[in-house]
Amino acid sequence: MIIKTGPTSLVKKSFPIVGMHCASCARLIEKSLTRVPGVLNASVNYGSESAVVEMEGNVSDTKLESAVKNAGYRAILNKSNLSKEEEKAKELKNLKTKVIVSSILSLIVFVGSFPEWFGINLNPIFLLVLATPVQFWAGWDFYLATWSGLRNRTASMDTLIVMGTSAAFFYSILSMFGVVEGMYFDTAAVIITLILLGRFLEAKAKSHTSDAIKKLLGLQAKTARIVKDGREIDIPLADVKVGDLIRVRPGEKVPVDGVITRGSSFIDESMVTGESLPVDKIVGASVIGSTINKSGSFIFKATKIGSETMLSQIIEMVKEAQSTKAPIARMADLVSSYFVPIVLMLSILTFVGWYVLGPITIGFPVNAFINLVAVLIIACPCAMGLATPTAIMVGTGKGAEKGILVKDAASLETVHKINTIVFDKTGTLTKGIPMVTDVSDPKILTIVASLEQGSEHPLGGAILGYAMEKKVKFQKVTNFRAITGFGIEGIIGSKKYFFGKPDKKGESIKKLEDEGKTVMILKQGVKTLGFIAVADTLKEGVKGVVKHLENKKIEVWMVTGDNQRTAKAIAKLSGIKNVLAEVLPEDKAQKIKELKNVAFKVTKCVAFVGDGINDAPALAAADVGIAMGTGTDVAMESAGITLLNKDFKSILMAINLSKSTMKIIKQNLFWAFGYNVILIPAAAFGLLNPMLASFAMAASSISVVLNSLRLNKIKI
Amino acid sequence: MSPDKLLVTVGGLGLMGFIWWFFFEKKHDN
């Protein structure tokens with residue numbers, strides 16, 4: 001995508017990048033891109049795997065491509081989105097092949113390396129043949145990343161893997177020639193395989209993030225029926241022009257944004273605006289593209305098309321929010337950035353110490369070299385690749401059991417840190433469907449329900465449902481008529497009734513309206529017989545959860561597109577003190593961003609809980625997006641966590657699950673590094689024998705896996 | 001101390017210093 005900014009020749013270009021696996025990769029590509037003549041600024045995002053480059057004049061794509069290639073990655077320029085998807089799918093497939101092949105090879109190498117355990121004695125040359133592809137084909141990316149890292153003067157987990165496995169591999173080759181003793185082909189192969197497996201699981205989870213946008217695009221109508229010269233013709237959506245008159249029939253989607261010029265209808269806008277009740281639309285009212293026409297047929301004039309429609313704006317916001325999401329700071333990488341240089345220095349110190357103080361050697365300093373390699377091998381924590389993925393896997397499995405679907409690991413990591421939680425109103429705090437809440441006199445229900453049988457009004461459905469529940473006997477209605485915008489009327493027996501908007505409002509009606517309820521009255525002639533109030537009701541358990549969150553010192557907010565009165569009524573019922581009402585769908589994400597920055601030098605970690613399409617940008621913009629499973633697919637795709645369980649308490653469960661999982665991850669990393677840290681001095685002083693090294697490797701891996709499995713037993 | 005041991009000691013310390021400088025004393029150019 002190219003955006004020209006201003007009359008000068010400043011050009012902005014964004015393109016996807018493939019092959020990044022940590023935040024430092026992004027920094028490296030940025031550096032490489034800014035070195036290209038003509039490039040003023042480059043910003044690379046690890047989360048969205050894309051680069052934005054600001055250039056003076058037009059720098060050729062080849063130059064940009066080769067700059068990225070020099071850094072060790074691939075840029076996809078001048079290709080459609082599909083090819084980016086294809087590239088990603090290809091990469092995932094490649095990784096899968098590597099995991100499968102290296103698993104098989106490593107297993108054979110492992111079994112063959114321990115004849116005393118498995119009784120199979122394999123020739124060292126055979127082990128070398130099997131271990132070589134694992135080391136240099138499956139593990140090649142680690143070498144590339146290490147090289148890139150060194151050019152950036154950083155050490156990451158990759159450096160550690162390359163150092164440890166290469167030391168083990170080349171030491172084993174020397175051992176084949178009798179220079180030293182002991183074989184470590186198995187160590188090298190197993191470490192690479194386990195870490196690749198962890199990477200594969202992570203990449204697979206990450207590949208779903210663009211589904212939300214695909215779903216949003218799928219919501220658009222494909223065609224529009226335009227009215228021209230008295231004829232109606234179906235044309236593709238892309239051919240619709242501003243000012244075109246478009247016919248929409250019942251059950252169809254409104255193709256673009258516009259204003260009704262003829263006819264009227266009820267339109268279900270809940271997908272876009274979050275408004276729970278279908279909205280009554282008459283001539284002059286504006287309609288939103290992709291909403292569903294419920295009852296009537298109407299003609300409207302297109303006012304906004306293409307990228308200007310509300311849905312397109314929402315798509316843009318979701319894209320933006322997803323790409324600005326902060327990259328996950330990997331704990332292992334952070335530890336490695338200190339750990340690796342220290343280990344390197346220790347290994348040199350070991351060599352010097354043994355050379356100067358050790359037994360006198362003539363020719364090759366065997367002891368000093370053996371102990372240098374021992375330090376490097378033992379420093380490479382085999383279990384490190386398992387520490388996070390196993391805990392996340394068990395944690396997400398446990399969550400799924402309880403109806404908490406975790407889409408990306410980052411959300412599970414973040415949710416326990418939240419100190420502000422924002423709830424959408426409709427469908428999240430409330431049930432999202434209108435229900436009868438008050439009936440002034442039970443006798444009027446028979447008449448109202450009988451009248452409503454012929455009505456298409458959405459509130460009518462709520463009254464009919466209520467009447468059936470109360471086992472009301474329906475009566476025959478004649479001369480039924482719906483008066484758009486007012487109500488319905490009909491004759492039962494010989495009496496004429498009207499049911500609809502109240503013309504005069506008494507105290508009791510005003511009080512109900514203040515509670516956010518819609519009140520309708522039944523009249524016989526001029527005499528008012530009674531009223532029925534309908535409202536969207538609060539879900540069970542909301543109040544308890546809000547109180548619990550506040551006890552945990554989490555600030556609770558409610559944000560809604562609904563009017564102040566309804567918002568306040570629901571907030572009062574649920575015990576929420578902070579309310580943002582009349583927030584337009586496009587402003588919800590903005591409000592979340594404001595909340596994130598509002599703190600006085602205190603970092604706010606904001607979670608957003610929502611269900612509608614209008615919530616998608618906010619779900620993506622929040623530190624953690626939590627979607628209600630009863631909501632739309634798009635909301636679920638934009639969120640990091642989906643609560644399938646109707647029980648509102650699952651929000652608390654998700655927070656607890658995150659806490660437990662993070663605790664386990666930290667413990668795992670401790671075990672993964674711990675064994676090795678303890679054994680480094682042993683290796684440096686020449687006390688380490690191969691059996692002890694193998695034992696440490698196996699013990700740290702087993703303790704990490706067992707510790708992760710402990711999550712299954714923890715009560716959340 | 002024999003000349004070879006002195007050489008290894010000085011070389012080793014130099015290498016350690018280089019590693020320290022390479023990884024920790026940096027990023028002034030960012």
Could you name the aspartates and glutamates whose alpha carbon sits less than 13 Å from that of A:K431, not counting residues in the same chain fewer than 8 places away?
A:E275, A:D536, A:E540, A:D611, A:D647
Going by amide H atoms built from the backbone, whose H comes under 5 Å of the H on A:V287, apart from near neighbours?
A:G258, A:V259, A:I260
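Can you give the extra length, in nm with one decimal, that the chain gains between A:L77 and A:D514 once fully stretched, where that is 0.36 nm per residue apart less the Cα-Cα distance? Walk me through the numbers before you get to the answer.
Numbers: separation 437, 0.36 × 437 = 157.32 nm, distance 5.69 nm.
So the extension gain works out to 151.6 nm.
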Would you mind ranking A:S658, A:S43 by Cβ crowding within 10 Å, fewest neighbours first?
A:S43, A:S658
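Using a simple charge model, +1 on the beta-carbon of Lys and Arg, -1 on the beta-carbon of Asp and Glu, nothing else, what dipole does the stretch A:493-537 show about its Cα centre, in debye to the nearest 20? Don't skip to the answer; put the middle values down first.
Details: 10 positive and 6 negative charges, 77 e Å.
For the stretch A:493-537, the charge dipole is close to 380 debye.
Chain A: percent of C-alpha pairs farther apart than 40 Å? All intermediate terms of the calculation are to be shown ahead of the outcome.
Details: 121670 of 255970 pairs.
When every Cα pair of chain A is considered, 48 percent fall beyond 40 Å.
Counting only complete DSSP H runs, which helices of chain A cover 18 Å or more along their long axis at the Cα atoms and score a mean Kyte-Doolittle of 1.0 or above? Intermediate values should be presented prior to the final figure.
Numbers: long enough: A:81-113 (47 Å, 0.13); A:157-176 (29 Å, 1.33); A:185-206 (32 Å, 1.12); A:310-323 (20 Å, 0.22); A:331-357 (38 Å, 1.78); A:366-379 (20 Å, 2.49); A:384-401 (27 Å, 0.50); A:585-598 (20 Å, -1.46); A:650-684 (50 Å, 0.91); A:690-709 (29 Å, 1.45).
Long hydrophobic helices here: A:157-176, A:185-206, A:331-357, A:366-379, A:690-709.
Rounded to two decimal places and with Rh computed the Kirkwood way over Cα pairs, what is Rg over Rh for the stretch A:61-196? Numbers along the way, then the final one.
Values: Rg = 18.0 Å, Rh = 16.7 Å.
Reported Rg/Rh (Cα atoms, Kirkwood Rh): 1.08.
Any chance you could run the full-extension gain for A:Y338 through A:D633? It's 0.36 nm times the residue separation minus the Cα-Cα distance, nm to one decimal. Write down the numbers at each step before the final one.
Numbers: separation 295, 0.36 × 295 = 106.20 nm, distance 4.30 nm.
Gain in length upon complete extension: 101.9 nm.
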Once amide H atoms are built 1.01 Å from N in the peptide plane, which residues 5 or more positions from A:L580, or in another chain, come under 5 Å H to H?
A:M558, A:V559, A:T560
How far apart, in nm, are the 7 Å Cα→Cβ label points at B:W20 and A:T34?
2.9
Between A:E56 and A:V283, what is the spin-label point distance in nm, taking each point 7 Å from the Cα along the Cα→C-beta axis?
6.0
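How many partner chain Cβ atoms sit within 10 Å of a residue's Cβ in peptide A:345-352, on average, as a whole number?
Mean number of neighbouring Cβ atoms from other chains: 5.
Given A:K13/A:K241; A:K222/A:K294; A:K253/A:K294; A:K294/A:K470; A:K241/A:K301; A:K63/A:K96, which pairs have Cα atoms separated by over 20 Å?
Pairs exceeding 20 Å: A:K13/A:K241; A:K294/A:K470; A:K63/A:K96.
Magnitude of the Cβ-charge dipole of the stretch A:532-678, K/R +1 and D/E -1, about the Cα centre, nearest 20 debye? Walk me through the intermediate numbers first.
Numbers: 20 positive and 15 negative charges, 170 e Å.
Around 820 debye, computed over the stretch A:532-678.
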Which listed residue (A:V283, A:F177, A:A654) has the Cα farthest towards the positive end of the charge dipole for the protein assembly as shown, taking +1 on Lys and Arg C-beta and -1 on Asp and Glu C-beta about the Cα centre?
A:V283
Taking R0 as 41 Å, what FRET efficiency do you get between A:E116 and A:K69 from their Cβ-Cβ distance, rounded to the nearest 0.05?
0.30
What is the mean number of Cβ atoms from other protein chains located within 10 Å of the Cβ atom of each residue in peptide B:15-24, rounded to a whole number?
5
For the residue pair A:R151 and A:Q220, what label-to-label distance in nm results when each label sits 7 Å from Cα along the Cα-to-beta-carbon direction?
3.9
Starting from the Cα gyration tensor of the stretch A:347-460, take the square roots of the eigenvalues, sort them a ≥ b ≥ c, and report rounded, prolate or oblate (rounded when a/c is under 1.5, otherwise prolate if a/b is larger than b/c, else oblate).
prolate
Give the residue list of chymotrypsin sites (Phe, Trp or Tyr not before Pro) in the stretch A:542-611 that are DSSP loop and have at most 10 other beta-carbon atoms within 10 angstrom.
A:F600
If I take every Cα pair under 8 Å that is 6 or more residues apart in chain A, average their sequence separation and divide by the length, what percent do I get for the relative contact order?
13
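Loop only per DSSP, at most 13 neighbouring Cβ atoms within 10 Å: give me the trypsin sites (Lys or Arg not before Pro) in the stretch A:67-152, ordered by residue number. Working shown, then result.
Values: sites: A:K69, A:R74, A:K79, A:K84, A:K88, A:K90, A:K93, A:K96, A:K98, A:R151; in loops: A:K79.
Sparse-neighbourhood loop trypsin sites (Lys or Arg not before Pro): A:K79.
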Taking r as the C-beta separation of B:L7 and A:I125 and R0 as 45 Å, the FRET efficiency to the nearest 0.05 is 0.75
Considering the options A:W140, A:I120, A:N58, tell which one lies farthest towards the positive end of the dipole of the stretch A:49-164, charges being +1 on Lys and Arg and -1 on Asp and Glu at the Cβ, about the Cα centre.
A:I120
Lysines within cross-link reach of A:K476: Cα-Cα under 19 Å, excluding same-chain residues under 8 positions apart?
A:K443, A:K495, A:K496, A:K523
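Counting other Cβ atoms within 10 Å, which GluC sites (Glu not before Pro) in the stretch A:537-637 have at most 13 and lie in a DSSP loop? Mind showing how you got there, number by number?
On the way: sites: A:E540, A:E550, A:E555, A:E582, A:E586, A:E594, A:E637; in loops: A:E540, A:E582.
Those that pass, being in a loop and sparsely packed, are A:E540, A:E582.
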Give, rounded to the nearest 20 debye, the magnitude of the charge dipole that the stretch A:63-176 has about its Cα centre when Lys and Arg contribute +1 at Cβ and Asp and Glu contribute -1 at Cβ.
500
By the Cα gyration tensor axes a ≥ b ≥ c (a/c under 1.5 gives rounded; else a/b larger than b/c gives prolate, otherwise oblate), the shape of the stretch A:142-205 is oblate
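Per-residue ellipticity at 222 nm for chain A, helices alone: DSSP H runs ≥ 4 residues times -39500 (n - 2.57), over residue total, nearest 500 deg cm²/dmol?
Working: 25 runs with 346 residues, N = 716.
The helix-only estimate for chain A comes to -15500 deg cm²/dmol at 222 nm.
Where a number appears in this text, it was derived from the coordinates with a stated rule and is not lab data. Note that the coordinates shown come from a computational prediction; the quantities given were computed from them, not determined experimentally. Using ideal geometry, Cβ is built from the backbone for each residue, glycine included, and neighbour counts are taken over all protein chains shown.
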